[in-house]
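J.: Sending over a structure as structure tokens; questions will come in a sec.
Read-outs: derived from the displayed coordinates by stated rules, not from any lab. What you are looking at is a predicted structure, and each value in this text was computed from that prediction instead of being measured. Cβ coordinates were reconstructed from backbone atoms using ideal geometry, including for glycine residues, and neighbour counts include every protein chain displayed.
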Amino acid sequence: MKIQALSTDKVFSSLLSSPQGITAEEATRRHAEYGCNEIHEVHGRPMISRLAAQFTHFLALLLWFAAALCFLSEYLHPGEGLLRLGVAILAVIFINAIFTFIQEYRTEKAIEELRKMLPFRVAVIRDGTECEIDATEVVPGDLVLLREGDKVPADARVVETSRLTVNNAPLTGESDSKQLTEAPSESELLESENLVFAGTLVVSGSGKAVVYATGMATEFGKIAQITGKVVEEVSPLHVEITRVSRIVAIIAVAGGACFFLIGGLVGRGFWDNFLFAIGIIIACVPEGLLPTVTLSLAMGSKRMASRNALVKSLNAVEALGSVDLICTDKTGTLTQNRMTVKTSWSPDEDGTMARTVAQLCNNVTVTPEEVKGDPTETALYSYAARQGAVSGERLGEIPFDSERKRMATLHRMNGKLFVLVKGAGESVLPLCTMLSQGGSASLPLDNATIPGLQDRLQTMASEGLRVIALAFKELDGLPAGDIPEEGLTFAGFMGLLDPPRPEVQQALQDCHSAGIKVIMITGDAGLTAAAIAKDIGLITGDPVVIEGHQCAGMPDERLREELKKENLIFARMSPQNKMHVVSLLIEEGHRVAVTGDGVNDAPALKKAHVGIAMGLSGTSVAREAADIVLLDDNFASIVHAIEEGRAVFENIRNFTTYIFASNIPELIPYIAYILFGIPLPLTIMQILAVDLGTDMFPALALGAEKPSPDIMQRPPRPKNEHLLTKGVLIRAYLYLGLLEAFAGMTAYFYVMYGGGWSWGQPLATTSTLYLQATTACLAGIIVTQVANVFVCRSPHTSLMTLGFFSNRLVLVGITTEVVLAALIIYTSLGNSLFGCAPIGADVWILLIPFAILMVATDETRKYFARHNKFF
């Protein structure tokens with residue numbers, strides 16, 4: 001049954017309703033049959049599932065494994081401090097999981113608050129009486145009353161209208177409003193002029209409509225179902241962290257196995273060797289990496305929020321920085337979603353009559369606060385009123401309809417009668433016989449002047465403007481019948497456009513500089529989309545416009561070729577078309593961000609690597625499907641967020657280098673202890689003090705490093721460029737780590753030999769000399785890690801260029817590190833917890849040159865790296 005093709009009587013009979021609506025009893029029965037009129041979030045993940053995921057990702061599993069080894073080692077060889085380390089690792093897992101969960105939960109609550117901004121109560125007729133009910137109680141067959149400003153609660157067939165005009169942009173993406181009729185229509189569902197759809201807005205007029213679909217059966221609900229079935233892309237950061245965890249696991253296990261074999265070769269027993277291997281594995285696991293990544297992403301999320309981008313998933317922070325292609329909606333994102341008269345033309349000098357027609361042949365509602373009504377009429381009225389208000393008494397009207405494509409009114413102005421007409425050029429021009437020359441003067445229209453007007457009309461239309469023709473006719477007396485629309489005097493054209501946001505042009509230039517391609521995918525007309533794209537600099541040559549029906553019928557191989565072209569625009573796109581384009585772009589290797597605000601955008605938003613929904617104009621379905629919500633609906637905010645995302649990736653790599661570097665000075669003392677029989681230079685608890693104590697705050701400070709000045713002048717990182725590269729591993733393990741280990745072991749032997757120890761001499765673990773020696777080793781790591789913070793701020797930029805004080809959090813982190821070190825080394829509580837003893841100033845003086853050496857050698861390396869000579 002095509003509900004749009006039925007007459008009004010048949011609509012009522014087919015839906016078992018009537019002009020008096022349905023009865024309350026029948027409404028109750030249908031509510032039980034059809035359920036609540038609401039959209040089920042079929043794609044939502046339960047909160048318990050989200051919480052569980054924080055305990056089961058690969059890096060968390062690696063830490064679970066490390067904790068289990070600690071407990072096993074403590075069981076086999078108690079008293080080594082591994083029990084405390086195991087408990088500390090478990091605490092890291094739990095604290096990190098809960099923190100991440102709370103961050104995402106708080107964002108969900110923010111989205112929930114946005115959802116509460118939706119209505120709503122609905123006016124319906126039941127038992128012949130108007131009443132107000134919750135939108136969720138609307139059922140098929142309900143007779144709904146629609147008035148200006150209402151949101152349509154369900155899909156319904158219009159049966160009575162008084163200039164009822166609806167904007168379907170949330171569903172179709174089209175910015176044009178549509179005046180509806182109760183007459184039958186043979187058009188397709190979404191193009192029918194007698195249907196209203198859930199979630200759309202009544203911009204002017206009023207009417208009645210019979211509901212034929214509610215909840216998930218509406219067009220809104222169908223798109224929500226498509227969205228729920230979309231398989232989300234895994235974020236690039238999730239892939240990278242998983243890869244880092246696997247590399248660490250391989251290095252740790254391989255190192256443990258290797259030294260197990262070496263221990264056997266030097267004659268150590270099986271269980272001693274086994275415990276030794278466990279120690280190697282634990283020392284290789286960067287326990288502080290997980291919380292540092294999480295806190296860094298949280299800080300990035302906070303910075304994005306300050307720039308009007310609300311992050312729903314922490315991984316989306318970095319994912320946005322990796323995108324190389326943005327598929328953007330037009331209306332409300334690139335444009336202001338506010339129709340404006342861009343240009344006007346009149347055959348007379350001042351255009352007074354054109355402005356009079358625009359102002360009076362109009363059905364807007366004017367209040368002291370605003371002008372309300374159809375966007376086109378609002379724009380015409382506002383433009384004309386700014387030039388000077390006119391007044392007149394309206395005596396009659398022929399409303400606009402889609403067949404006539406014009407509107408006519410009869411007005412009395414200054415004692416004279418006028419017919420005022422506005423509408424499409426092709427509808428109004430044939431009715432004109434005269435050309436206005438100002439005031440009452442006019443010239444006849446003839447074959448010489450008409451082509452000029454038609455050319456002007458075509459020129460304005462080719463610029464993507466919605467052209468409104470304006471005309472009038474003075475009458476000698478009141479007409480006996482209908483308002484006469486023949487013999488009009490042409491007064492002028494007005495060209496309207498939804499103007500671009502002022503900051504969009506610069507934002508697009510920034511995208512171009514950053515190597516990010518932008519493709520417009522809109523539900524609007526191709527001509528309008530191309531005009532806007534040219535105006536804002538999105539395209540620079542002839543546009544390649546592909547409309548929805550062409551996209552649907554195009555083979556994938558052909559579409560893949562089209563996607564490689566420049567100046568590409570997709571127009572009149574359905575949700576399925578849009579999602580298909582996004583899927584092909586992802587298959588082609590692009591990292592794709594998609595923006596949108598309508599229900600029709602939701603499937604593509606979810607399919608993309610990063611979905612970006614509009615917070616102000618966006619529908620709840622779009623916001624639920626997205627990863628990021630723009631609080632100001634501004635495309636420029638996306639560019640700012642990309643900059644933050646790129647900085648986050650750089651910062652994660654920098655503090656990963658920093659954290660990994662400290663693994664080597666933790667590992668080498670353990671190896672020396674096993675292979676050379678010296679007293680253990682660094683205890684398990686001192687390793688814990690570094691990994692989850694002194695290292696944490698400087699690493700977090702590295703996560704807050706500002707974006708590099710040239711970060712948006714670089715292309716997006718290649719898809720095959722990883723977080724943990726061979727260069728990062730070499731720098732962390734074989735260069736920075738070895739320098740730190742050298743400093744720590746030097747301090748250890750300095751104290752040992754200074755205290756009278758000789759090689760091979762056993763030493764009690766409770767002796768003051770031993771405690772001071774291990775403390776000296778710990779101090780060596782801490783001092784060189786202070787230098788390492790400055791070294792790791794950038795892999796290439798000199799510290800002289802960055803400045804010592806440009807990241808104040810680094811100074812705060814170092815201060816915290818020094819304070820923690822002092823508490824560990826010089827307080828009785830710190831000594832008892834971490835097995836330390838106070839050391840003299842001579843040890844610190846010995847270690848300072850190592851810090852200077854580290855900074856100096858890395859500055860030299862950076863110099864050669866910048867000049868592409870080495871490294």
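J.: Quote the relative contact order of the chain in percent (integer), defining contacts as alpha-carbon pairs under 8 Å separated by 6+ residues.
T.: Numbers: 1694 pairs, mean separation 107.8, N = 871.
About 12 percent, as a whole number.
J.: Mean residue ellipticity at 222 nm from the helices of the chain, using -39,500 (n - 2.57) per DSSP H segment of n ≥ 4 over the full residue count, to the nearest 500 deg cm²/dmol? Write down the numbers at each step before the final one.
T.: Details: 33 runs with 422 residues, N = 871.
Computed ellipticity for the chain at 222 nm equals -15500 deg cm²/dmol.
J.: Which of the peptides 315-321, 251-257 is most tightly packed, and how do the rest follow, judged by the mean count of other Cβ atoms within 10 Å per residue?
T.: Per-residue mean Cβ counts within 10 Å order the peptides as 315-321, 251-257.
J.: Let me ask something additional. Rounded to whole Hz and in sequence order, give me ³J(HN,Hα) for the stretch 716-730 from the Karplus expression 6.51 cos²θ - 1.76 cosθ + 1.60, θ = phi - 60°, writing x for Gly and Pro.
T.: Along the stretch 716-730, the couplings run x, 5, x, 4, 8, 8, 9, 5, 9, 9, 4, x, 5, 5, 5 Hz.
J.: Something else: At 0.36 nm per residue, and after removing the present C-alpha to C-alpha distance, how many nm does the segment from Leu443 to Gln387 gain when stretched out fully? It would help to have the intermediate numbers written out before the result.
T.: On the way: separation 56, 0.36 × 56 = 20.16 nm, distance 2.49 nm.
Taking Leu443 through Gln387 to full extension adds about 17.7 nm, to one decimal.
J.: Quick check: net charge around Met353, other residues with Cβ under 13 Å of its Cβ, Lys/Arg +1 and Asp/Glu -1? Each step should come with its number before you reach the end.
T.: Details: positive: Arg355, Lys416, Lys422, Lys473; negative: Asp348, Glu349, Asp350, Glu474.
That sum, taken over residues with Cβ under 13 Å, equals 0.
J.: To continue, here is another question. Which far-off residues, 5 or more places away or on another chain, put their amide H under 5 Å from the one on Thr340, with H placed in the peptide plane?
T.: Leu497, Asp498
J.: Still on this structure, please answer the following. Percent relative contact order of the stretch 454-503, based on C-alpha pairs within less than 8 angstrom and at least six residues apart? Write out the running numbers ahead of the final one.
T.: On the way: 43 pairs, mean separation 23.1, N = 50.
After rounding, I find 46 percent.
J.: Skipping prolines and chain starts, which residues have an amide H placed within reach, meaning under 5 Å, of the one on Asp150, given they are 5 or more residues away or on another chain?
T.: Here Val202 satisfy the definition.
J.: I would also like to ask the following. Spelling out what I want: for every residue of the stretch 459-467, take phi, set θ = phi - 60°, compute 6.51 cos²θ - 1.76 cosθ + 1.60 (Karplus), and round to whole Hz; glycine and proline get x.
T.: Ordered by residue, 3J(HN,Hα) equals 5, 5, 5, 5, 7, x, 7, 8, 8 Hz.
J.: As I understand it, the dipole of the chain uses +1 on the Cβ of Lys and Arg and -1 on the Cβ of Asp and Glu, about the Cα centre. Which of Val610, Ser296, Ala822 lies farthest toward its positive end?
T.: Ala822
J.: Normalised by the residues of the stretch 398-530, what does the relative contact order come to in percent, with Cα pairs under 8 Å and at least six apart? Could the numbers behind the result be given before it?
T.: Numbers: 188 pairs, mean separation 33.4, N = 133.
Result for the stretch 398-530 is 25 percent.
J.: Tell me whether the stretch 540-610 comes out rounded, prolate or oblate; compute the Cα gyration tensor, take square roots of the eigenvalues as a ≥ b ≥ c, and use a/c under 1.5 as the rounded threshold. Don't jump to the answer; show the numbers that get you there.
T.: Details: a/c = 1.43, a/b = 1.28, b/c = 1.12.
In terms of gyration-tensor shape, rounded.
J.: Of all DSSP beta bridges located in the chain, what percent are antiparallel, nearest 5? Kindly include the intermediate steps, with their values, before the conclusion.
T.: Numbers: 71 of 95 bridges.
Counting DSSP beta bridges with both partners in the chain, the antiparallel share is about 75 percent.
J.: Here's a follow-up. Let me know the Rg and Dmax you get for the stretch 636-764 when you use only its Cα atoms, in Å.
T.: When restricted to the Cα atoms of the stretch 636-764, Rg and Dmax are 19.8, 68 Å.
J.: May I ask you to list the lysines whose Cα is less than 26 Å away from that of Lys726, ignoring any residue fewer than eight positions away on the same chain?
T.: Once the sequence-local lysines are set aside, what remains near Lys726 is Lys706, Lys862, Lys869.
J.: A further question on this structure: Let's see if you can work this out: charge +1 on each Lys and Arg Cβ, -1 on each Asp and Glu Cβ, no other charges. What is the dipole magnitude of the chain about its Cα centre, in debye to the nearest 20? It would help to have the intermediate numbers written out before the result.
T.: Numbers: 71 positive and 92 negative charges, 506 e Å.
Dipole magnitude for the chain comes out near 2420 debye.
J.: Right, something else. Leu76 versus Ala254, label points 7 Å from Cα toward the beta carbon: distance in nm?
T.: The answer from the label model is 2.3 nm.
J.: Follow-up. DSSP loop (so not H, G, I, E, B), at most 11 other Cβ within 10 Å: list which GluC sites (Glu not before Pro) in the stretch 342-432 pass both filters.
T.: Listed in order of number, the matching sites are Glu349, Glu369, Glu370, Glu403.
J.: Once you sort the root eigenvalues of the Cα gyration tensor of the stretch 548-654 as a ≥ b ≥ c, which label holds: rounded (a/c under 1.5), prolate (a/b larger than b/c) or oblate (the other case)? Could you put the intermediate results ahead of the total?
T.: Working: a/c = 2.22, a/b = 1.34, b/c = 1.66.
Oblate.
J.: Right, here's the next one. Find, among the GluC sites (Glu not before Pro) in the stretch 449-497, those assigned to loop by DSSP (not H, G, I, E, B) with at most 14 other beta-carbon atoms within 10 angstrom.
T.: Working: sites: Glu463, Glu474, Glu485, Glu486; in loops: Glu463, Glu485, Glu486.
Filter output for the stretch 449-497: Glu486.
J.: Something else: Report, in degrees rounded to the nearest 10, the 0 to 90 angle that the Cα long axis of helix 289-306 makes with the longest principal axis of the chain.
T.: 30
J.: Find how many whole Å separate the alpha carbon centroid of the stretch 295-369 from the alpha carbon centroid of the stretch 385-446.
T.: Rounded to whole Å, the Cα centres lie 32 Å apart.
J.: Longer than 29 Å from Cα to Cα, which of Lys178/Lys473; Lys312/Lys517; Lys151/Lys330; Lys151/Lys517; Lys208/Lys330 are they? Say none if no pair is.
T.: On the way: Lys178/Lys473 27 Å; Lys312/Lys517 24 Å; Lys151/Lys330 22 Å; Lys151/Lys517 36 Å; Lys208/Lys330 31 Å.
Long pairs (Cα-Cα over 29 Å): Lys151/Lys517; Lys208/Lys330.
J.: Going 7 Å from the Cα of Ile730 in the Cα-to-Cβ direction, what parts of the stretch 766-797 have a backbone nitrogen less than 17 Å from that spot?
T.: 795-796
J.: From the C-alpha gyration tensor of the chain, pull out the three semi-axes of the equivalent ellipsoid (sqrt of 5λ each), sorted largest to smallest, in whole Å. Kindly include the intermediate steps, with their values, before the conclusion.
T.: Details: eigenvalues 1011, 179, 89 Å².
Equivalent ellipsoid of the chain: 71, 30, 21 Å, largest first.
J.: On to the next question. Please grab the % of Cα pairs in the stretch 212-348 that end up more than 21 Å from each other.
T.: Values: 6559 of 9316 pairs.
Percentage above 21 Å: 70.
J.: So who's got an amide H within less than 5 Å of the one on Leu164, skipping anything under 5 residues away but keeping other chains? H placed 1.01 Å off N, in plane.
T.: Counting only residues 5 or more places away or on other chains, the set is Leu180, Ser206.
J.: For Lys222, list the aspartates and glutamates whose Cα falls under 20 Å from its own Cα; do not include residues on the same chain fewer than 8 positions away.
T.: Glu33, Glu38, Glu41, Glu137, Asp155, Glu174, Glu188, Glu191, Glu232, Asp597, Asp601, Glu624
J.: Using the Cα gyration tensor of the stretch 447-515, with a ≥ b ≥ c the square roots of its eigenvalues, what is the shape: rounded (a/c below 1.5), prolate (a/b larger than b/c) or oblate (neither)?
T.: Details: a/c = 5.65, a/b = 2.66, b/c = 2.12.
The shape class here is prolate.
J.: Now a separate question. Give a residue-ordered list of calculated ³J(HN,Hα) values for the stretch 567-574 (Karplus: 6.51 cos²θ - 1.76 cosθ + 1.60, θ = phi - 60°; whole Hz; x for Gly, Pro).
T.: 6, 8, 9, 10, 10, 6, 8, 7
J.: Additional query: List the GluC sites (Glu not before Pro) in the stretch 677-778 that DSSP assigns to loop (not H, G, I, E or B) and whose Cβ has at most 13 other Cβ atoms within 10 Å. Which are they?
T.: Numbers: sites: Glu705, Glu721, Glu740; in loops: Glu705, Glu721.
Loop-located and lightly packed - Glu721.
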